[in-house]
1. Among the GluC sites (Glu not before Pro) in region 24-108, which ones are in a DSSP loop with at most 12 other Cβ atoms within 10 Å of the Cβ? Mind listing them?
2. For the chain, with every protein chain kept in place, what is the accessible area per residue (1.4 Å probe, Å²)?
3. 7 Å from Cα along Cα→Cβ at both Ser22 and Arg141: what's the point-to-point distance in nm?
4. I want the local charge near Leu40. Using Cβ-Cβ distances under 12 Å, sum +1 for each Lys or Arg and -1 for each Asp or Glu among the other residues.
5. Quick check for me: using +1 on Lys/Arg Cβ and -1 on Asp/Glu Cβ, what's the dipole size of the chain about its Cα centre, in debye to the nearest 20?
6. Given the DSSP H assignment, sum -39500 (n - 2.57) over each helix run of at least 4 residues in the chain and divide by its residue total; what's the result at 222 nm in deg cm²/dmol, nearest 500?
7. Using modelled amide H (1.01 Å from N, peptide plane; none on Pro or chain starts), what sits under 5 Å from the amide H of Leu34, excluding residues fewer than 5 places away?
8. How large is ³J(HN,Hα), in whole Hz, for each residue of region 15-27 in order, when computed from phi with the Karplus curve 6.51 cos²θ - 1.76 cosθ + 1.60 and θ = phi - 60°, using x for Gly and Pro?
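The values are calculated or read from the model by the stated rules, or taken from the named source; none is laboratory data. The structure presented is a predicted model; accordingly, all values stated were derived computationally and were not measured. Cβ placement follows ideal geometry from the backbone for every residue including glycine, while neighbour counts extend to all protein chains displayed. Heads up: the accessible areas ignore ligands, DNA and RNA and are worked out on the full protein's heavy atoms, side chains in. Shrake-Rupley method; radii C 1.70, N 1.55, O 1.52, S 1.80 Å.
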Amino acid sequence: MTSTDNPRERSRRMEPPVSPASAPFWEATKERRLLVQWCLDCDKSVFYPREICPGCLGTNLDWREASGDGTLYSFTVNHLSPDPTGAEGPFAIALVELTEGPRMMTNVVGLPLDELEVGMELRVTWDELADGRHYPMFEPRGGPK
Ligand code: ZN
(Lines give C-alpha, C1' and ligand atoms only; values in the text may rest on other atoms or scores of the structure.)
Protein backbone atom coordinates (compact mmCIF):
# COMPACT_ATOMS: atom_id res chain seq x y z
CA MET A 1 0.00 0.00 0.00
CA THR A 2 1.46 3.29 -1.04
CA SER A 3 0.74 6.49 0.79
CA THR A 4 -1.58 7.60 -2.01
CA ASP A 5 -3.83 4.55 -1.45
CA ASN A 6 -5.04 6.35 1.63
CA PRO A 7 -7.90 8.63 0.51
CA ARG A 8 -7.16 11.02 3.34
CA GLU A 9 -3.73 11.68 1.84
CA ARG A 10 -5.07 12.30 -1.65
CA SER A 11 -5.67 15.70 -3.08
CA ARG A 12 -8.74 17.59 -1.98
CA ARG A 13 -8.80 19.15 -5.44
CA MET A 14 -12.09 19.01 -7.30
CA GLU A 15 -11.90 16.47 -10.13
CA PRO A 16 -11.88 18.37 -13.42
CA PRO A 17 -14.63 17.32 -15.84
CA VAL A 18 -13.63 15.38 -18.98
CA SER A 19 -14.94 16.38 -22.41
CA PRO A 20 -14.58 14.24 -25.56
CA ALA A 21 -11.81 16.60 -26.72
CA SER A 22 -9.90 16.47 -23.43
CA ALA A 23 -10.26 12.71 -22.75
CA PRO A 24 -6.82 11.76 -24.19
CA PHE A 25 -5.18 14.48 -22.09
CA TRP A 26 -6.76 13.22 -18.87
CA GLU A 27 -6.20 9.54 -19.72
CA ALA A 28 -2.45 10.22 -20.09
CA THR A 29 -2.34 11.89 -16.69
CA LYS A 30 -3.10 8.50 -15.13
CA GLU A 31 0.49 7.64 -16.15
CA ARG A 32 1.79 11.10 -15.23
CA ARG A 33 2.27 11.94 -18.92
CA LEU A 34 1.65 15.51 -20.06
CA LEU A 35 0.15 15.67 -23.56
CA VAL A 36 -0.32 18.73 -25.70
CA GLN A 37 -2.80 18.79 -28.53
CA TRP A 38 -1.18 19.65 -31.84
CA CYS A 39 -2.66 21.00 -35.08
CA LEU A 40 -1.21 19.07 -38.03
CA ASP A 41 -2.51 21.66 -40.49
CA CYS A 42 -0.66 24.72 -39.11
CA ASP A 43 1.91 22.82 -36.97
CA LYS A 44 1.09 24.65 -33.74
CA SER A 45 0.19 23.55 -30.23
CA VAL A 46 -3.41 23.86 -29.10
CA PHE A 47 -4.27 24.31 -25.44
CA TYR A 48 -6.78 23.77 -23.87
CA PRO A 49 -7.89 20.64 -25.77
CA ARG A 50 -10.69 21.28 -28.26
CA GLU A 51 -12.27 20.03 -31.48
CA ILE A 52 -11.06 22.81 -33.79
CA CYS A 53 -7.68 24.58 -34.03
CA PRO A 54 -8.13 28.21 -32.90
CA GLY A 55 -5.33 29.26 -35.28
CA CYS A 56 -6.50 27.87 -38.62
CA LEU A 57 -9.91 26.33 -37.80
CA GLY A 58 -8.56 22.96 -38.93
CA THR A 59 -9.78 19.73 -37.40
CA ASN A 60 -6.65 17.68 -38.10
CA LEU A 61 -5.57 17.55 -34.44
CA ASP A 62 -3.22 15.07 -32.81
CA TRP A 63 -1.36 14.69 -29.50
CA ARG A 64 2.30 15.09 -28.60
CA GLU A 65 3.98 14.29 -25.34
CA ALA A 66 5.33 17.44 -23.72
CA SER A 67 8.74 17.59 -22.07
CA GLY A 68 7.17 18.77 -18.82
CA ASP A 69 9.44 21.81 -18.78
CA GLY A 70 8.19 25.36 -18.76
CA THR A 71 8.71 28.83 -17.39
CA LEU A 72 6.62 30.96 -15.07
CA TYR A 73 4.79 33.45 -17.28
CA SER A 74 2.64 35.11 -14.61
CA PHE A 75 1.24 34.33 -11.18
CA THR A 76 -0.82 35.51 -8.26
CA VAL A 77 -0.94 34.33 -4.67
CA ASN A 78 -4.39 33.43 -3.35
CA HIS A 79 -4.71 34.04 0.38
CA LEU A 80 -8.32 32.83 0.53
CA SER A 81 -9.66 29.31 1.13
CA PRO A 82 -10.39 26.77 -0.19
CA ASP A 83 -6.94 25.64 -1.17
CA PRO A 84 -7.12 23.31 -4.23
CA THR A 85 -3.60 22.00 -3.64
CA GLY A 86 -4.58 20.57 -0.27
CA ALA A 87 -1.78 22.48 1.44
CA GLU A 88 -2.29 24.85 4.32
CA GLY A 89 -2.02 28.55 3.86
CA PRO A 90 -1.75 30.73 0.72
CA PHE A 91 -1.04 29.12 -2.66
CA ALA A 92 0.14 30.21 -6.10
CA ILE A 93 -2.10 30.32 -9.16
CA ALA A 94 0.08 30.59 -12.22
CA LEU A 95 0.27 30.75 -15.97
CA VAL A 96 3.10 28.44 -16.99
CA GLU A 97 4.44 28.61 -20.53
CA LEU A 98 5.38 25.14 -21.68
CA THR A 99 8.52 24.66 -23.78
CA GLU A 100 6.16 23.46 -26.52
CA GLY A 101 4.41 26.84 -26.57
CA PRO A 102 1.05 26.81 -24.81
CA ARG A 103 0.37 28.50 -21.48
CA MET A 104 -1.41 26.46 -18.80
CA MET A 105 -3.33 27.81 -15.82
CA THR A 106 -2.01 25.73 -12.93
CA ASN A 107 -0.41 25.88 -9.50
CA VAL A 108 3.27 26.28 -8.63
CA VAL A 109 4.39 24.33 -5.58
CA GLY A 110 7.62 23.32 -3.91
CA LEU A 111 9.04 26.70 -2.96
CA PRO A 112 8.31 29.61 -0.63
CA LEU A 113 5.78 31.87 -2.32
CA ASP A 114 8.04 34.93 -1.93
CA GLU A 115 10.60 33.18 -4.16
CA LEU A 116 8.22 33.00 -7.14
CA GLU A 117 9.71 34.95 -10.02
CA VAL A 118 8.41 35.50 -13.54
CA GLY A 119 10.67 33.67 -15.98
CA MET A 120 11.84 31.02 -13.51
CA GLU A 121 12.35 27.53 -14.91
CA LEU A 122 9.78 24.96 -13.85
CA ARG A 123 8.97 21.32 -14.43
CA VAL A 124 5.73 19.41 -14.15
CA THR A 125 4.81 17.54 -10.97
CA TRP A 126 1.57 15.73 -10.29
CA ASP A 127 -1.26 15.93 -7.77
CA GLU A 128 -3.10 12.59 -7.60
CA LEU A 129 -6.87 12.85 -7.91
CA ALA A 130 -9.26 10.39 -6.25
CA ASP A 131 -10.20 8.81 -9.61
CA GLY A 132 -6.62 7.88 -10.62
CA ARG A 133 -5.99 10.87 -12.84
CA HIS A 134 -3.30 13.40 -11.93
CA TYR A 135 -3.50 17.16 -12.02
CA PRO A 136 -0.42 18.82 -13.56
CA MET A 137 1.25 21.38 -11.31
CA PHE A 138 4.74 22.85 -11.54
CA GLU A 139 7.76 23.08 -9.25
CA PRO A 140 11.27 24.53 -9.60
CA ARG A 141 13.21 22.62 -12.27
CA GLY A 142 15.94 21.74 -9.78
CA GLY A 143 13.37 20.15 -7.45
CA PRO A 144 11.39 21.43 -4.47
CA LYS A 145 13.16 23.98 -2.26
ZN1 ZN B 1 -4.19 24.91 -37.02
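1. Numbers: sites: Glu27, Glu31, Glu51, Glu65, Glu88, Glu97, Glu100; in loops: Glu31, Glu51, Glu88, Glu100.
Passing sites in region 24-108 are Glu31, Glu51, Glu88.
2. That works out to 57 Å² per residue.
3. Placing both labels 7 Å along Cα→Cβ, they lie 2.8 nm apart.
4. Here the charged neighbours net out to -1.
5. Numbers: 15 positive and 23 negative charges, 32 e Å.
Using Cβ point charges on Lys, Arg, Asp and Glu, the chain gives about 160 debye.
6. -1000 deg cm²/dmol
7. Counting only residues 5 or more places away or on other chains, the set is Ala66.
8. Along region 15-27, the couplings run 6, x, x, 10, 9, x, 6, 8, 4, x, 4, 6, 4 Hz.
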